[in-house]
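One structure below.
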Amino acid sequence: MTTPDSEGERLGPLPGVPQGAPGSATGTALGAPAAASPAVTRPRLPEQKPSANGLGSSPMRADALAKSMGIYPYAADLWAEGLLWGAVARSPYPCARIVSVDIGPALAIPGVHAVVTAADLRPGPDGVPDGAPSGPIAQDRPVFATDIVRHHGEPLAAVAADHPDTARLAAAAIVVGYEPLEPLTDPEQSFAAPPIHPDGNLFRHLPVRFGDPEAVGEVVVEGLYQVGRQDPAPIGAEAGLAVPRPDGGVELHVASTDPHGDRDRAAYCLGLEPDRVRLVVSGVPGATADREDVGFQVALGLLAIRTGHPVKMALTREESFLTHAHRHPALLRYRHHADVEGRLVKVEAQLLLDGGAYADVSSEALAAAAAMAAGPYVVPNVFVDAWAVRTNNPPAGRMRGEGALQTCFAYESQLDQLAAALDLDPLEIRRRNAMSTGDLLPTGQAVTCPAPVRELLDAVAAEPLPPLPVDQPDDEWLLPGGPGGAGDPAAVRRGIGYAVGMVHMLGAEGADEVSTASVRVTGSQASVMCTAVDTGTGFATLARQIVQDVLGVTDVYIAPVDTDQPSAGPSARGRQTWVSGGAVERAALMVRHQLLQPLAVQFGMSPELLTISDGKITSYDGVLGMPVLQALEDKDLWATAQCRPHPTEALDPETGQGDAFVGLAFCAMRAVVDVDVELGTVRVVELTVAQDVGRALNPEQIAARIEAGATQGLGLALMEELVSEGGRITNPSFTRYRLPTSLDAPDIRIAALLEERDVVAPFGAKAVGAAPATVSPAAIAAAVRAATGRPVNRLPIPSEDIAG
């Protein structure tokens, strides 16, 4: 395969085979648009009969009341006596040498208390200020730039003042002398370009070598695919409050997703011991890559230490767009080989991820992309070269399905090409190649968890299709484009597309996935202490359900999260349900044993012969028993436990082989779209989802997570793209960065929540939110492809690619 070399060769065509033409299925002509139908079809609940609040039920979320009343404690709402306000001075250039920095004009403004720069942070190993570089994996991102800026909006200094407007005015008054440099914005040029960072331009190269390199199929298709830059678009921009401590340390109140990791990194940058920095997690108004920049927290803490006052900082929406990480843009070239029956013989791929200016989690994203490059299919021969590179584009980081989403779009597009070339139904070619338990990933790892790929495809296919449109008084709202953007109904075509994909759960490649939790029962109330941050996933509700299920206590208090408690690790990749849910369960079971042991002695039987259900302790024969609350009278029981999944290993740097993942989750989806083939506008009519959930611990919460993930994927498929021109972001606002609204959201029909329990996972449950976000862009692209007969090789789908 062609690989980028030291002379900067671009990703060229795969040698030996001409580029295949995509399928050209014809869509169905429509008369008038469809009538509106209910927004969501809820899933069929499991047939089991759970207790009122235990596992398998759907109680009210733990934070629902506070959020509905507007009293949920987000960081932007916090206040303290003697409060000052912080602001950050940022680079207007994507790449420039810093010639001089003059903070005098800012200090001269009345009301300004302090201005801090890289010189105020922990110095480098040689004693020279280096901006205190940090990062979740590689320590390459400075809190404040020193000699050079590497992306638009990079911080240079921070200001504390007695009013937010004064702070922003002072930040703007800092005089910085720049020598603008030519930015590196094309990731394909990173291989030959001069290094833009001392660590070089290549974050990681990962080859995957699996099977026979000489294998050739009877039918070959090839394609080049591109995925744009999607923003996390959190409902709340970054904000926080720092309070100085008497010992010279600082207390940070921020929306962290990894409190202990952030505490340790912040302490390092500030030159403090970790025990002198306390991090308290405030409400998290949306969290993926946007909550993982420790530089924000360090700047906030440094200002509080320097001034001796509490300091609050709330970024504007434009600043939020400029500073936090985004989804990795990707360029993906694929070649699929198949036999005449449509069975895959070999997959070849070149994957290029643009990591932006700093490493962040690009190495992790690349591992997921390379390992899952062939999708949830049985492929005996897979050869992949994957690169993540550094550019002067905005930084890229963790978002739902990082790495897996980009490849899902590409390999599913390839399956549609193969189906067209072989005159096979797109659903059938996926069935014929579907992975199942026991099959191997291209990394050589056996899939030991349930992998019901064929069953998921069958479930979405079995659901009835939405009816064709009929005349309605408000039919203009249902045309692609809506009022003012709708064209001739006769130009609208309906398309149906399928996609299936997978994501990995928890950390990978040797990450130590461990969590600690404590459960205490005093009288009629139980309390849970666990630093697993609920980022909107509903973990606090789940922890409450676990304790109610195990102990039969209905009043369960979830303690606030801070770094005075043991670590639970970062809230990412659905890991908290597994590791922290498992830790809560183990601690609750230990308390249960403490409760039942004396009763077992009293009843003359083993504790294992006693059950707790509906608030009662009952013997196995139903003869003996008492209410749980009676058994708990005058008792104070507690236990602490850990949960650590089985270990993984790093992928071999030469072959990409290794058991790198703890577990996998799968999702299938059918998309139905209406496309105006003259205007190139698209309306998603319905998304039908079947998902492998292991065990539905909270069906209503699962449904909400699936709806959210599928809708986020729709945004990437049709509208969401953070535009960078010459390294500068040109649409850093919600007026120009388009998000799906309630009018864009389709009907979402959850066909099935397949419950085949993963025996190594606590409760047998799997992560939920990332899989539908990974699959929905591919399904929508397939449906648009079917409606128009056009290739659809880019996300978001440009109107010019589908307009006739």
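The values are calculated or read from the model by the stated rules, or taken from the named source; none is laboratory data. Note that the structure is a prediction, hence the values are computed from the model and not measured. For neighbour counting, all protein chains shown are included, and Cβ atoms are generated from backbone atoms with ideal geometry for every residue, glycine included. Each accessible area value is taken on the protein alone, full model and side chains, heavy atoms only, with ligands, DNA and RNA left out. Shrake-Rupley method; radii C 1.70, N 1.55, O 1.52, S 1.80 Å.
Overview of values
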{"quantity": "Residue-count net charge about G764 - beta-carbon cut-off 13 Å; Lys, Arg +1, Asp, Glu -1", "calculated": "-2"}
{"quantity": "Chymotrypsin sites (Phe, Trp or Tyr not before Pro), loop per DSSP, at most 16 other Cβ atoms within 10 Å - longest free stretch of the chain", "calculated": "80-619"}
{"quantity": "Long-range amide H partners of A96 with built H, under 5 Å", "calculated": "V149, L181"}
{"quantity": "Qualifying aspartates and glutamates (Cα of each under 14 Å from Cα of K312; at least 8 residues distant if same chain)", "calculated": "D77, E81, D162, D165, E238, E251"}
{"quantity": "Qualifying lysines (Cα of each under 28 Å from Cα of K635; at least 8 residues distant if same chain)", "calculated": "K616"}
{"quantity": "Contact order normalised by residue count of the chain, Cα under 8 Å, 6+ apart, percent", "calculated": "18 percent"}
{"quantity": "Contour excess over end-to-end distance, with Cα ends at F734 and A559 and 0.36 nm allotted per residue", "calculated": "59.5 nm"}
{"quantity": "Distant-in-sequence amide H partners of A751 (H built 1.01 Å from N, under 5 Å)", "calculated": "V689, A690"}
{"quantity": "Low-density loop positions, GluC sites (Glu not before Pro), the stretch 138-246 - DSSP coil, at most 10 other Cβ in 10 Å", "calculated": "E214"}
{"quantity": "Helix-only CD estimate at 222 nm, as mean residue ellipticity for the chain, using -39500 (n - 2.57) per DSSP H run (n ≥ 4)", "calculated": "-7000 deg cm²/dmol"}
{"quantity": "Counting DSSP beta bridges with both ends in the chain, the antiparallel % (nearest 5)", "calculated": "75 percent"}
{"quantity": "Separation in nanometres of the label points that stand 7 Å from Cα toward Cβ, at S436 and R245", "calculated": "5.7 nm"}
{"quantity": "Where N is the number of residues in the chain, Cα Rg divided by 2.2 N^0.38 Å", "calculated": "0.97"}
{"quantity": "Largest to smallest principal axis extent of the C-alpha atoms in the stretch 212-368, angstrom", "calculated": "74, 31, 25"}
{"quantity": "Rh by Kirkwood over Cα pairs, then Stokes-Einstein D for the stretch 304-454 at 1.567 mPa s and 4 °C, µm²/s", "calculated": "74 µm²/s"}
{"quantity": "Å² of accessible area per residue within the chain, as computed with a 1.4 Å probe and no ligands counted", "calculated": "37 Å²"}
{"quantity": "Karplus-derived 3J(HN,Hα), 6.51/-1.76/1.60, for each residue of the stretch 316-327, Hz, glycine and proline x", "calculated": "6, 4, 5, 4, 4, 4, 6, 9, 7, 7, 10, 5"}
{"quantity": "Nitroxide proxy distance, nm - points 7 Å out along Cα→Cβ at D621 and D186", "calculated": "8.3 nm"}
{"quantity": "Helical segments meeting 27 Å axial Cα length and Kyte-Doolittle -1.0 threshold in the chain (DSSP H)", "calculated": "581-603, 699-718, 770-788"}
{"quantity": "R0 of 41 Å, Cβ-Cβ distance D77-L202: FRET efficiency to nearest 0.05", "calculated": "0.45"}
{"quantity": "Residues whose placed amide H lies under 5 Å from that of I558, excluding near-sequence neighbours", "calculated": "V528"}
